[in-house]
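Contents: one structure, followed by commentary.
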Amino acid sequence: MLGDHAKKVAIHGDQKVEVEFLERHGGATCVLEWKPPGCSMHVIPSHAWVGGAPNEPTNPNDHHNNIQVKYYKWTSGKTLSGLGGSYLNSLRNSYKSSTVAEINMKEGNGDNILESGRHDNVAVLFKGRINFELCSEDIQLCLESDDGSMMKLNGWTQIDNDGDHGDKTVCTPFGRRSINKNIEVHYYENSGSATCILKWRRKGGDLQIVPSTVWI
């Protein structure tokens, strides 16, 4: 009677989903779609469905701290490229570690960088995995930093934003990334204000912070 009709709702976390459908006569349509942050609307893929009893709905203010963070003392005057881009892996011990939900750090002059306990001469290694299957389309990744940073996907450098500089953004080309990827963001701060933010966008979309919901 109504023809094709769509209704949208906002949900967070694991949810129990039930769809009831009635067809009287004529053409029949029943499609369940979603729009994850930074993505266009598309059919919910099979890998997003989980079996068994669902977890209790989560508070939308809760965060999934799936990104591992390690902190290192940094020597002023060095750069990531100057140390082969693998300086953090070559250091035997970080002096502290923590977790974060997103790579979204912006601190003023004199403010400590995350949980490092330091505001100058500090290096940070972020490690995590992104489920790009949540966005079955071309994605561009961008890394904004002050001072230097680099981003690796499955061990390969994709963004080189190295060197001493103020806020600067470097992006990858648009590309289809349809599987989970290991991501490393290497970052250092010599002095002054500090920024390290990982963002993404789809073609025609706005640039936004890679959300906590896609880190696994």
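Each reported figure results from applying straightforward, stated rules to the coordinates on display, with no laboratory input. Predicted, not measured: the structure shown is a model, and the values here were computed from it. Backbone-built Cβ (ideal geometry, glycine too); neighbour counts: all protein chains shown.
Using only C-alpha positions, report the orientation-averaged shadow area of the convex hull of region 67-214, nm², one decimal.
Averaged projected hull area, Cα only: 8.0 nm².
Using 0.36 nm per residue of separation minus the Cα-Cα distance, give me the extension gain between Lys78 and Thr157 in nm, one decimal. Kindly include the intermediate steps, with their values, before the conclusion.
Values: separation 79, 0.36 × 79 = 28.44 nm, distance 1.86 nm.
Extra length available between Lys78 and Thr157 comes to 26.6 nm.
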With label points set 7 Å from each Cα along the Cα-to-Cβ direction at Asp206 and His165, the distance between them in nm comes to 2.5 nm
Can you put His25, His42, His119, His186 in order, fewest other beta carbons within 10 Å first? His25, His42, His119, His186
Suppose each label sits 7 Å from its Cα in the direction of the beta carbon; what would the Asp120-Leu32 distance come out to in nanometres? 5.6 nm
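Can you sort Glu20, Glu102 by how many other beta carbons sit within 10 Å, fewest first? Please list the in-between numbers first.
Numbers: Glu20 5, Glu102 22.
Placing the least packed residue first, the sequence is Glu20, Glu102.
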